[in-house]
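Novice: If you scroll down you'll find the structure; I have some questions about it.
The values are calculated or read from the model by the stated rules, or taken from the named source; none is laboratory data. Given the structure is predicted, the values throughout are model-derived calculations rather than measurements. Heads up, the Cβs are rebuilt from the backbone with ideal geometry, glycines too, and the neighbour counts pull from every protein chain shown.
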Amino acid sequence: MTTYLSPLRILILGTGNMARNHAAAFRRIDGVELVAGVDSRPDALARFCEEFAIEHGFASLDDAIAWGEFDAAANVTPDAAHHATTIALLNAGKHVLCEKPLATNAADAREMADLAAARGLVGMVNLSYRNVAVLQKAAELVRDGTIGALRHFEASYLQSWLTQPAWGDWKSEPQWLWRLSTGHGSKGVLGDVGIHILDFVTFAAGSRVSELSCRLKTFDKAEGGRIGGYTLDANDSATLQAELENGALGTIAATRFASGHLNDLRLRLYGEKGGLEVRFENSIEGLRLCTGENLQTATWTDIAVEPVPTVYQRFADAVRDGAAADPDFEHGARLQTALELAERSHAENGRFLRT
């Protein structure tokens, strides 16, 4: 692992809205410098570089790699571009923090994970809910055996933007309409947020998915199933039954029709010695525990937690100091395999499939 005595030089690939989150977060980290941006849209690139005081801008990744004066990259391109651009960066010897999902299919994700490992480079996936402190604490409590051997879980990711316009009018705005159309690259709610709730479960439980069954549903939302050039055929709700490698059995759900929930995640974990309930609702975190003598009265105790380092800080630490790269590309590839099997299970009428 290279030791970085001078600032860690970061390139931002893609300059859309999410790229601003990356740039703002990296600027807050001591010893990190934003040195370049890449975007084929000259006006967007110029605005981005000016906003974040980035000296160098490139119209293509090839031009940026030929320049080469950076150590690592944040890949904030559209999902379909993750594979080709990350492969190019890894082959150039650059560490990569890639937006989720790692790729749009399991084979590409596996290639990315294997190449990062073979080159000895840090590859991490921006699964942003790892920044939720109560999730980190829940995972710690499970690892420590606080609730004993895990037996059952329930998890959900609830959105309601198809029933209310809090984030904008999905019927008229392309930023939402593309998410409803497979022809525009959408994998539906399963691909968009299913990866987050799968990670929520497997990280907290400390165990991978071993077997799953899935049903997907697309609801009628417009006359003829179309709005302008968008065919609204991507799934709107997903339900999974899953067994983990540790033997725990449970359910996972994701939907865009959860009226009253803007962007809420819930997780319940039940073991032989107790239970945990994790909540991230209206951006407010909560963690409850029931164990020991409290089991007799079903009394739950709120657990206080401290903030945790962001994925951006963990990426910088992994590159500079050899800290754990978590969640890494290997984990991202496993999640992509599970999502691909979920799609296949639905196509086969909900048949259980092993990962």
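Novice: Could you check how many residues of the stretch 35-57 are touching an Asp or Glu at 6+ places or on another chain (Cβ under 9 Å) and crowded, with 17+ Cβ neighbours inside 10 Å?
Specialist: 7
Novice: Take the stretch 187-231 and flag every residue that is part of a strand (DSSP E or B) and touching a residue at least 24 places away in the same chain (Cβ under 8 Å).
Specialist: Narrowing the stretch 187-231 to residues part of a strand (DSSP E or B): 209-217, 226-227, 230-231.
The answer is Val209, Ser210, Glu211, Leu212, Ser213, Cys214, Arg215, Leu216, Ile227, Tyr230, Thr231.
Novice: Right, another one. Using the structure shown, decide if Gly148 is in contact (Cβ under 8 Å) with a residue 60 or more places away in the chain, in the same structural domain as Arg279 (by TED's automatic domain parsing) and on the phi > 0 side of the Ramachandran plot.
Specialist: Details: in contact (Cβ under 8 Å) with a residue 60 or more places away in the chain: yes; in the same structural domain as Arg279 (by TED's automatic domain parsing): yes; on the phi > 0 side of the Ramachandran plot: yes.
So Gly148 fits the description; yes.
Novice: Right, another one. Output the residues belonging to the stretch 167-195 that are under 26 Å from Thr337 (Cα atoms) and among the charged types (D, E, K, R).
Specialist: Arg179, Lys187, Asp192
Novice: Next question. Can you tell me which residue is farthest from Leu276 (Cα to Cα) among those in the stretch 165-203 that are among the small types (Gly, Ala, Ser) and out of contact with any strand residue (DSSP E or B) (no Cβ under 6 Å at 6 or more places or on another chain)?
Specialist: Initial filter on the stretch 165-203 (among the small types (Gly, Ala, Ser)): 166, 168, 172, 181, 183, 185-186, 188, 191, 194.
Of the ones still in play, those that are also out of contact with any strand residue (DSSP E or B) (no Cβ under 6 Å at 6 or more places or on another chain) are 166, 168, 172, 185-186, 188, 191.
Details: Ala166: 31, Gly168: 35, Ser172: 41, Gly185: 36, Ser186: 33, Gly188: 29, Gly191: 27 Å.
Ranking the qualifying residues of the stretch 165-203, first place goes to Ser172.
Novice: Quick check on this structure: which one of Thr291, Thr297 is under 27 Å from Ile147 (Cβ atoms) and surrounded by fewer than 16 Cβ atoms within 10 Å (Cβ to Cβ)?
Specialist: Of Thr291, Thr297, the one residue that is under 27 Å from Ile147 (Cβ atoms) and surrounded by fewer than 16 Cβ atoms within 10 Å (Cβ to Cβ) is Thr297.
Novice: Return the residues of the stretch 35-57 that are in contact with a Leu (Cβ under 8 Å, 6 or more places away or on another chain) and either free of Cβ contacts under 8 Å to residues at least 40 places away in the same chain or farther than 19 Å from Val319 by Cβ (or both); say none if nothing qualifies. Break it down stepwise before answering.
Specialist: Going residue by residue through the stretch 35-57, those that are in contact with a Leu (Cβ under 8 Å, 6 or more places away or on another chain) are 35-39, 52-54, 57.
If the condition is that a residue be in contact with a Leu (Cβ under 8 Å, 6 or more places away or on another chain) and either free of Cβ contacts under 8 Å to residues at least 40 places away in the same chain or farther than 19 Å from Val319 by Cβ (or both), then Val35, Ala36, Gly37, Val38, Asp39, Phe52, Ala53, Gly57 are the ones that fit.
Novice: Return yes when Arg354 is more than 17 Å from the chain's Cα centre (by Cα), among the basic types (Lys, Arg) and buried (at least 16 other Cβ atoms within 10 Å of the Cβ) and no when it is not. Break it down stepwise before answering.
Specialist: Numbers: more than 17 Å from the chain's Cα centre (by Cα): yes; among the basic types (Lys, Arg): yes; buried (at least 16 other Cβ atoms within 10 Å of the Cβ): no.
Considered against the rule, which asks whether it is more than 17 Å from the chain's Cα centre (by Cα), among the basic types (Lys, Arg) and buried (at least 16 other Cβ atoms within 10 Å of the Cβ), Arg354 comes out as no.
Novice: Could you tell me which residue of the stretch 144-168 is surrounded by the most Cβ atoms within 10 Å (Cβ to Cβ), considering only residues that are among the polar types (S, T, N, Q) and part of a loop (DSSP other than H, G, I, E, B)? Walk me through it before giving the result.
Specialist: First, pick out the residues of the stretch 144-168 that are among the polar types (S, T, N, Q): 146, 156, 159-160, 163-164.
So of that shortlist, the ones also part of a loop (DSSP other than H, G, I, E, B) come out as 146, 160, 163-164.
Working: Thr146: 16, Ser160: 18, Thr163: 14, Gln164: 11.
The residue in question is Ser160.
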